[in-house]
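The values are calculated or read from the model by the stated rules, or taken from the named source; none is laboratory data. Please read these numbers as outputs of a predicted model, since none were measured by experiment. Using ideal geometry, Cβ is built from the backbone for each residue, glycine included, and neighbour counts are taken over all protein chains shown.
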Amino acid sequence: MTLRLVLLGPPGVGKGTQGRRLATEHGWPLISTGEMLREAVARRTPLGVEAQRLMDAGQLVGDDVMIGLVKERTGQSDAEAGFVLDGFPRTVPQADALDAMMGERGRTLDSAVSLTAPRDELVRRMSARRECPVCKRAYNLVSWPPKDGVHCDDHPTVELYQRADDAPETVVRRLEVYARDTAPLMEYYRRRGRLREVEGLGTMDAVYGSMIRALGL
Ligand code: AMP
């Protein structure tokens with residue numbers, strides 16, 4: 001089936017984890033703008049050099065740059081039968097641009113899933129969050145640790161790392177930026193009848209189950 005979906009929610013709520021599973025199980029690409037930027041940073045492209053400063057400070061990268069990236073990526077052939085967008089849109093201009101680019105292609109965005117969790121839980125999760133640099137698999141040192149506590153289960157010689165922007169001061173800034181720039185998108189999609197709210201608390205399986213039900217999948 002075809003589904004074009006955006007995942008909304010504060011940093012640390014589990015968009016990446018749930019989005020990856022949803023996309024993998026249904027054969028849609030997961031389009032994570034944070035991931036695209038981190039790759040550009042690692043490759044030291046001009047975009048990466050510019051984005052790194054903003055990301056490390058917990059600020060957003062400019063709308064024009066992000067809209068260009070998503071326009072290009074959602075236009076690729078693997079996104080024709082649907083996609084899961086994680087981390088975009090993050091501002092009202094980005095949401096408007098997404099609607100416009102879908103419209104130009106004769107498509108529509110089906111749903112916006114909003115994952116929610118209390119602030120102290122988000123802070124706890126982000127401080128314990130780790131990632132495999134090779135396969136990007138997400139771990140949590142408290143609730144979902146790797147088998148040996150240090151390395152990726154699928155890449156036993158590769159050590160997990162903590163994202164630079166998961167440092168405590170940056171986490172506070174990112175939550176502020178979320179409240180100011182991104183939280184208004186819930187109302188944006190609610191008014192258009194496309195918002196599906198899902199509580200992001202509980203086990204990964206429980207949250208996934210709620211999300212599937214909310215989407216009628
Ligand atoms: P994420 O992995 O989604 O938490 O994104 C990490 C960082 O990348 C964010 O804190 C922003 O600095 C940047 N970023 C990701 N997506 C966007 C976007 N749609 N608009 C602006 N900045 C973004």
(message) So R38 ticks every box in (1) crowded, with 18+ Cβ neighbours inside 10 Å; (2) within 19 Å of R194 (Cα to Cα); (3) within 15 Å of the ligand (Cβ to nearest atom) but one. Which box is left unticked?
(response) (2)
(message) Being more than 10 Å from the ligand (Cβ to nearest atom) and either of a type in the set (A, V, I, L, M, F, W, C) or surrounded by 15 or more Cβ atoms within 10 Å (Cβ to Cβ) (or both) is the requirement here; does A79 meet it?
(response) yes
(request) Give the stretch 108-161 a look and list any residue that's assigned to a loop (DSSP other than H, G, I, E, B) and over 22 Å from T24 (Cβ atoms), or say none. (result) T108, A117, P118, L141, V142, D148, G149, V150
(message) What pairs come out if I take residues in the stretch 33-47 that are closer than 15 Å to G62 by Cα and modelled with pLDDT under 95 and pair them with residues that are part of a helix (DSSP H, G or I) and near the ligand (Cβ under 8 Å from one of its atoms) whose C-beta lies under 6 Å away, six or more apart or interchain?
(response) none
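Select from the stretch 42-51 the residues that are surrounded by fewer than 18 Cβ atoms within 10 Å (Cβ to Cβ) and closer than 14 Å to A164 by Cβ and write down the one among them that is farthest from the ligand (Cβ to nearest atom).
It comes out as A42.
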(request) Working only within the stretch 142-198, note down all residues that are of a type in the set (S, T, Y) and touching a residue at least 40 places away in the same chain (Cβ under 8 Å). (result) T170, Y178, T182, Y188, Y189
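Here is a check on your reading of the model: is L7 at pLDDT 95 or above, near the ligand (Cβ under 10 Å from one of its atoms), touching a Gly at 6+ places or on another chain (Cβ under 9 Å) and closer than 24 Å to R190 by Cβ?
So L7 fits the description; yes.
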(message) With the requirement that a residue be charged (D, E, K, R) and within 24 Å of R38 (Cβ to Cβ), what does the stretch 81-105 give you?
(response) D86, R90
(message) Any residue at all in the stretch 52-71 that's without any contact (Cβ under 8 Å) to a residue 60 or more places away in the chain, crowded, with 18+ Cβ neighbours inside 10 Å and more than 24 Å from M186 (Cα to Cα)?
(response) yes
(message) Just checking, does the stretch 158-179 include any residue being away from the ligand (no atom under 13 Å from the Cβ), among the aromatic types (F, W, Y) and under 19 Å from V113 (Cβ atoms)?
(response) no
(request) Tell me which residues, restricted to the stretch 54-76, are under 15 Å from P29 (Cα atoms) and either of a type in the set (G, A, S) or near the ligand (Cβ under 7 Å from one of its atoms) (or both). (result) G75
